[in-house]
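Shown next, in structure tokens, is the structure this report addresses.
Values quoted throughout were computed directly from the atomic coordinates according to the rules given, and no laboratory measurement underlies them. In this text the structure is predicted, and so the values were computed from the model without any measurement. Backbone-built Cβ (ideal geometry, glycine too); neighbour counts: all protein chains shown.
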Amino acid sequence: YDVSIPISLFWKSEDTDELPRRKKCILSVYGAYGKNDNSDLDEIMLSIIDAGFIYAIVHVRGGGYLGGEWYRSGKALNKWNSIRDFIEGVNYLRENDVIDSKRLGLITSSAGGIIAGAVLNEEKNLLQSILLFSPFINPYDTLQNPNDPLSKTEIAEWGDIRDPEVKAYIKSYSPMQNIEKARDSNTVIVNILGEKDPYINNNEVIEWSKKLNSIGVKSLLYLNKAAGHGGFTPSDVLLMIDTLNYFFEEVGRNNL
């Protein structure tokens with residue numbers, strides 16, 4: 001691979017600072033809008049670490065971890081770089097026995113759903129489970145819909161889909177359009193949506209989830225009527241705990 005991908009690792013040290021060996025792992029990726037997916041630990045991340053997982057942030061191109069050029073090399077007609085960077089990063093951790101290749105999960109949200117969905121299509125048994133909060137999984141149709149505000153505001157990020165080259169490129173990675181590649185995957189998908197979400201078309205995620213189930217991929221979906229983008233409100237503590245516990249169980253089931 002011609003690019004070195006930064007990865008931030010967090011784990012419960014247990015009186016040693018040595019790198020873990022073959023531990024179960026929850027991965028995180030975003031890779032869009034130049035967002036700096038920094039290493040500030042929130043409550044979810046701390047829960048993951050406390051549950052005995054390595055928490056790994058893969059800083060793919062398209063994010064802003066290494067500055068403007070890093071961002072530009074993973075947007076628009078370079079989006080495949082984000083997807084391949086994630087796969088390469090995970091494979092590096094597997095090949096060096098840092099993580100247990102049979103106990104891997106991924107958490108992401110919003111635009112990170114494109115990477116998650118594309119990875120499911122490209123490497124359908126790489127992960128045991130994927131937890132998605134308000135995922136963007138159908139850029140191909142969304143950006144062609146003149147009634148969807150994203151079709152106008154997102155041109156700078158994904159490209160102008162009226163351009164045939166851009167249209168073909170987006171179709172090549174868009175999770176919905178390539179879903180057949182995921183047929184019979186053993187990965188369990190968990191989707192959390194907010195009914196009041198102003199950014200993501202929930203109907204597209206619902207359709208994607210139904211299609212996954214129809215091709216033998218277990219996909220669960222929860223629509224939170226009180227929530228907006230992200231699927232949870234600050235008062236949904238118990239719901240978040242239940243969701244994470246289920247996700248942790250799926251990651252640890254080790255049946256691939």
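With the chain treated as a Gaussian network of Cα nodes joined by springs under 10 Å, which of Ile179, Ile26, Ile155 yields the largest mean-square fluctuation?
Ile155
Between region 224-256 and region 22-37, what is the C-alpha centre distance in whole Å?
Cα centroid to Cα centroid, the span is 17 Å.
With the Cα gyration tensor of region 1-58 giving a ≥ b ≥ c as the square roots of its eigenvalues, does the rule (a/c under 1.5 for rounded; else a/b larger than b/c for prolate; else oblate) give rounded, prolate or oblate?
Verdict is oblate for region 1-58.
Which residue, Val98, Val58, Val29, tops the fluctuation ranking in a GNM of the chain built on C-alpha contacts under 10 Å?
Judging by the Gaussian network model, the answer is Val98.
How do Leu127, Leu238 line up, fewest other C-beta atoms within 10 Å first?
Leu238, Leu127
Rounded to the nearest 0.05, what FRET efficiency do Ala168 and Asn125 have when you use their Cβ-Cβ distance and R0 = 25 Å?
Step by step, r from the Cβ atoms, then E = 0.35.
Which whole-number percent gives the relative contact order of region 175-256, counting Cα pairs below 8 Å spaced six or more residues apart?
Relative CO of region 175-256 lands at 35 percent.
May I ask you to derive the relative contact order of the chain, considering only C-alpha pairs under 8 Å and at least 6 residues apart, and to give it as an integer percent?
Once normalised by length, the contact order is 18 percent.
Taking the Cα centroid of region 131-191 and of region 66-100, what is the distance between the two, rounded to the nearest whole Å?
If we compute the Cα centre of each part, the gap is 19 Å.
Pull up the cross-link candidates among the lysines for Lys225, meaning alpha carbon to alpha carbon under 21 Å and not fewer than 8 places away within one chain.
Lys196, Lys210
With a ≥ b ≥ c taken as the square roots of the eigenvalues of the C-alpha gyration tensor of region 7-251, please select rounded if a/c is under 1.5 and otherwise prolate if a/b is larger than b/c or oblate if it is not?
Judged from the Cα gyration tensor, region 7-251 comes out prolate (a/c at least 1.5, a/b above b/c).
Just name one of Val90, Tyr33, Leu77: the one whose Cα is farthest towards the positive end of the charge dipole of region 7-251 (beta-carbon charges, Lys/Arg +1, Asp/Glu -1).
About the Cα centre, the residue reaching furthest to the positive side is Leu77.
Please name which of Asn213, Ile155, Asn191 has its Cα lying farthest along the dipole of the chain towards the positive end, using unit charges on Cβ (Lys, Arg +1; Asp, Glu -1) and the Cα centre as origin.
Toward the positive end, the furthest listed residue is Asn213.
Treat every Asp and Glu Cβ in the chain as -1 and every Lys and Arg Cβ as +1, leave all other atoms uncharged, and give the resulting dipole magnitude about the Cα centre to the nearest 20 debye.
The calculation lands at about 640 debye.
So which lysines pass the test for Lys79, namely a Cα distance under 25 Å, with those fewer than 8 places away in the same chain ruled out?
Lys35, Lys124, Lys152, Lys167, Lys171, Lys181, Lys211
Only bridges whose two residues both fall in the chain count here: according to DSSP, what percent of them are antiparallel, nearest 5?
Among the beta bridges of the chain, antiparallel pairing accounts for roughly 15 percent.
As a check on your grasp of the helix formula, calculate [θ] at 222 nm for the chain: sum -39500 (n - 2.57) over DSSP H runs of n ≥ 4, divide by the residue count, round to the nearest 500.
That comes out to -10000 deg cm²/dmol.
Could you give each residue of region 206-223 its phi-based ³J(HN,Hα) in whole Hz, using Karplus coefficients 6.51, -1.76, 1.60 with θ = phi - 60°, and x for Gly or Pro?
Once θ is set to phi - 60°, the couplings for region 206-223 become 4, 5, 4, 4, 5, 5, 4, 4, 6, 10, x, 10, 6, 9, 9, 9, 10, 9 Hz.
Tell me which residues come under 5 Å, amide H to amide H, from Leu220 once H is placed; ignore anything under 5 positions away on its chain.
For Leu220, the qualifying residues are Ile189, Val190, Asn191.
What are the residues whose amide H is under 5 Å from the amide H of Phe53, where those residues sit 5 or more places off or on another chain and H is modelled from the backbone?
none
Considering only Asp242, Asp40, Asp50, give the residue with the highest GNM mean-square fluctuation for the chain, with springs between Cα atoms whenever their separation is below 10 Å.
Top of the fluctuation ranking is Asp40.
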